[in-house]
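Undergrad: If you scroll down you'll find the structure; I have some questions about it.
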Amino acid sequence: TPAGPLRAECRRRLQTVAERAGEARASLRPAKLPEAAEALAEILADLRDLRKTVGRTETAGPGIPHLLALLEEKEQLAFRALTAAAGLVFDAWTESPTAVAGGELEVTVTLWNGGPFPLRVPQSAGSLASSRGWLESSHVFSLQAPDEEGRVRDSAGPLGTLDPGSRGTATPSIRIAADAPVTVPYFLREPREGPFYDFGTVDPSLRGLPFGPEPLEAIVRVELEIGERSVPLTLRRPVVTRNRDLALGETRRPIRLVPRIEVEVAPDLLVWPENLGDREALEIQLRLHGEDARSGRLDLDTPPGWPAGESPTFVLSSSRRELGTFLEVGRPGDIDRGRYIADVAAVTEENERHALAVPLVRHPHVRPRPVPKPSRVEISTFDLVLPPLRRVGYVRGAADRVPETLSAVGIPLEEIPPGRLTEIDLGGYDALIVGSRAYESAPALHEATPRLNRYVREGGLLLVQFQRWEYFREGRPPVPVEMEGRGRRTTDETAPVEILRPGHRAFTWPNRIGPDDWEGWVQERGLYYPTSWGEKVTPLLSLSEPGDPGQRGSLLVAEVGEGTWVYTGLAFFRQLPAGVPGGFRLFANLLGLEAPQ
């Protein structure tokens, strides 16, 4: 805190503010809020004057910045209380949820004086401002009185005074700067370096905030007449788009600046193993979305030595703003195991190049947020031999993307709805796979468990990916297996792996698993390992982290009757969608445990 006379003055004036606030609080009534406005106006004036006094002081010391921050916080609270008590309602919105660089946007601004005090509204009192460089120039506007239908007439002229119970409106149009950046979270403006954000170009004041400032803001400066006091007020409101839903009511969302053409590649990772060597080309699936009519061609920039097909044309119109299409990338004659990048771009007839998509992450409980995705596809190539499989059934788990990846490498997969497991003939499947946490997301699996275990005893292969502890505590496995607490896991994706039975078929056929197959794993090795099991169960791996003697429950195999039961906590649900070669090779071997060599 400041010292000397300034400290005494601050104490005296803050005590006065506190006394007035106490008096206003004691007399406050929800039905008579305006009665508190005069006291709040005095409090606001006192805080503003004190902050100016402290800001002009020549006294140095660490307490001054903290005091100024505190006074600013209290001033904002007093400002909000005064505008609420005075019945001032300021709003700004646009009908379009999105805009494009170089385009135009019409904004509607309203100021309603719902209290008993007159408002002085100077000419050109309003303005629009952007924290993200959207505006080519400053935009000012004047509030006008709307007609009976709510429209603004240019002939009405600007308001001088907004009387109690009346409303002022403006509909300014703005042109967005041609170089205005697309709306993305501030921490994603630069590409991530692995799991790390790049804050090199980020304003230090934003670092650590969940969101950045609003992109477009409406501002209006007025003077509130309370008795003999004239209180200057600067009202601010982010420009939003409004949606009305009969069930949810009104929802508000910030407007977004989007690419004129979005080019989304899905999936953005393709696998091309050796067993698909006879396939001449891969298809890259695209979705184009245009904000206005555009036409042009699609370009594919392939890795060196990779042949690309022709560049097809596209046409987006006002009646057809979305377009699904594909590009082909050919396989080179000689290819090494590795990762390759192919970039896609939509090039318009005006020679505009678009190579970005900004899809929204949507959940009911949070605001939708855009996540930028470059228009590119990653291709993972590796050696893979599949066992002889004719038909493999798959029960999808929670948020499970494994089925698509297995089909992509040539495994003849059929997805089985959990409710049909008790009806269909399971004997026609070479193997059955249960997705991760399927017993949690699909209750019908519990009823089907006896049939699945009988399928194993009669000669089938049942591969169960990680499940939570209920799977073991409720006795679902066909052999005794237990999980203590929440099981064990290996969080380090580079943790050393020891093969306990090197000669086991899981590591020798049809793919020989070596050290390279444990490279490049993402996020973790595995999770939800059982902790104890019976004599019929064979652990195949031991995984260890610093301070951990080694977990042996990540991959268990048991001969049950004439068949085989496999439980694996290895994080295949992460490795296969990420195109990790070792994940595919080991998974293929596990599917071949019952296949003839």
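The values are calculated or read from the model by the stated rules, or taken from the named source; none is laboratory data. Nothing here was measured: the structure is a model prediction, and the numbers come from that model. Backbone-built Cβ (ideal geometry, glycine too); neighbour counts: all protein chains shown. When the accessible area is computed, the model is the full protein with side chains, heavy atoms only, and any ligands, DNA or RNA have been set aside. Shrake-Rupley method; radii C 1.70, N 1.55, O 1.52, S 1.80 Å.
Undergrad: Pull out a ≥ b ≥ c, the square roots of the eigenvalues of the alpha-carbon gyration tensor of segment 470-597, then state rounded if a/c is under 1.5, prolate if not and a/b is larger than b/c, and oblate in the remaining case. Write down the numbers at each step before the final one.
TA: Values: a/c = 1.65, a/b = 1.08, b/c = 1.53.
Since a/c reaches 1.5 but b/c is at least a/b, the shape of segment 470-597 is classed as oblate.
Undergrad: SER230 accessible area, nearest 10 Å², 1.4 Å probe?
TA: We get 50 Å² for SER230.
Undergrad: Can you give the charge dipole size of the chain about its Cα centre, rounded to the nearest 20 debye, using +1 on the beta carbon of Lys and Arg and -1 on the beta carbon of Asp and Glu?
TA: Numbers: 71 positive and 83 negative charges, 345 e Å.
Dipole of the chain, to the nearest 20 debye: 1660 debye.
Undergrad: So how do ARG512, ARG391 rank on accessible area, 1.4 Å probe, biggest first, that is with the largest at the start? Mind showing how you got there, number by number?
TA: Working: ARG512 165, ARG391 80 Å².
My answer, sorted largest first, is ARG512, ARG391.
Undergrad: Something else about it: Between GLU72 and ARG244, what's the calculated FRET efficiency when r is the beta-carbon distance and R0 is 22 Å? Round to 0.05.
TA: Numbers: r = 36 Å, r/R0 = 1.64.
Efficiency, rounded to the nearest 0.05: 0.05.
Undergrad: Report the trypsin sites (Lys or Arg not before Pro) located in segment 255-303 that are in a DSSP loop and have at most 15 other Cβ atoms inside 10 Å of their Cβ, or state none. Display every interim value, and only then the final one.
TA: On the way: sites: ARG256, ARG260, ARG279, ARG287, ARG294, ARG297; in loops: ARG260, ARG279.
Qualifying residues, ordered by number: ARG279.
Undergrad: Expressed in nm to one decimal, what extension gain is obtained for the pair ALA145 and TRP469 from 0.36 nm per residue of sequence separation less their Cα-Cα distance?
TA: Net length gain for the segment: 110.0 nm.
Undergrad: Using θ = phi - 60° and the Karplus curve 6.51 cos²θ - 1.76 cosθ + 1.60, what whole-Hz ³J(HN,Hα) does each residue of segment 431-442 get, with Gly and Pro shown as x?
TA: Calculated HN-Hα couplings, in order: 7, 10, 10, 9, x, 4, 6, 5, 5, 7, 8, 10 Hz.
Undergrad: Probe radius 1.4 Å, ligands and nucleic acids left out: which of ARG80, ARG167 has the largest accessible area, and how do the rest follow?
TA: Details: ARG80 155, ARG167 95 Å².
Putting ARG80, ARG167 in descending order of accessible area: ARG80, ARG167.
Undergrad: Let me ask another. In segment 55-131, which GluC sites (Glu not before Pro) are in a loop and have at most 11 other Cβ atoms within 10 Å, using DSSP for the loop call? Intermediate results must be reported in sequence, preceding the final value.
TA: Details: sites: GLU58, GLU72, GLU73, GLU75, GLU95, GLU104, GLU106; in loops: GLU58, GLU95.
Listed in order of number, the matching sites are GLU58, GLU95.
Undergrad: Which angle from 0 to 90°, rounded to the nearest 10, does the C-alpha axis of helix 581-591 make with the longest principal axis of the chain?
TA: Tilt of helix 581-591: around 50 degrees.
Undergrad: For SER295, which sequence-distant residues (separation of 5 or more, or a different chain) have an amide H within less than 5 Å of its own amide H, given hydrogens modelled in the peptide plane?
TA: Here LEU316, GLU349 satisfy the definition.
Undergrad: Continuing with the same structure: Which residue, LEU593, PRO480, LEU389, has the largest displacement toward the positive end of the dipole of the chain when charges sit on each Cβ (Lys, Arg +1; Asp, Glu -1)?
TA: Value: PRO480.
Undergrad: Give the residue list of GluC sites (Glu not before Pro) in segment 275-341 that are DSSP loop and have at most 10 other beta-carbon atoms within 10 angstrom.
TA: Details: sites: GLU280, GLU283, GLU291, GLU310, GLU322, GLU328; in loops: GLU280, GLU291, GLU310.
Loop-located and lightly packed - GLU280, GLU310.
Undergrad: Around ARG256, which amide H atoms from residues at least 5 apart in sequence, or from another chain, sit under 5 Å from its own amide H, with H modelled in the peptide plane?
TA: When sequence neighbours closer than 5 places are left aside, the close amide H contacts are THR98, ALA99.
Undergrad: Would you check the accessible area of ILE226, probe 1.4 Å, heavy atoms only, in square angstrom rounded to 10?
TA: Roughly 10 Å² of ILE226 is accessible to a 1.4 Å probe.
Undergrad: Also, quick follow-up: In whole Hz, what ³J(HN,Hα) sequence does segment 129-137 give by Karplus (6.51, -1.76, 1.60; θ = phi - 60°), x for Gly and Pro?
TA: For segment 129-137, the Karplus curve yields 9, 10, 8, 10, x, 6, 9, 6, 8 Hz.
Undergrad: Could you please state, rounded to a whole Å, how far the C-alpha centre of segment 520-577 is from the C-alpha centre of segment 82-116?
TA: Comparing the Cα centres of segment 520-577 and segment 82-116, I get a distance of 58 Å.
Undergrad: Residue by residue through segment 9-21, which ³J(HN,Hα) values in whole Hz follow from phi under the Karplus form 6.51 cos²θ - 1.76 cosθ + 1.60 (θ = phi - 60°), with glycine and proline marked x?
TA: The phi angles translate into 5, 4, 4, 5, 6, 5, 5, 5, 4, 5, 5, 5, 5 Hz.
Undergrad: Could you compute the net charge surrounding PRO388? Neighbours are other residues with a C-beta less than 12 Å from the C-beta of PRO388; K and R count +1, D and E count -1.
TA: On the way: positive: ARG390, ARG391; negative: ASP430, GLU594.
Result for the local shell: 0.
Undergrad: Sticking with this one: What number comes out for the charge environment of ASP343, summing +1 per Lys or Arg and -1 per Asp or Glu over other residues with Cβ under 11 Å away? Numbers along the way, then the final one.
TA: On the way: positive: ARG353, ARG376; negative: ASP299, ASP301, GLU378.
Taking every Cβ under 11 Å from that of ASP343, the sum is -1.
Undergrad: What order do PHE572, PHE211 take when sorted by accessible area (1.4 Å probe), most exposed first?
TA: Details: PHE572 0, PHE211 105 Å².
If we order PHE572, PHE211 from most to least accessible, we get PHE211, PHE572.
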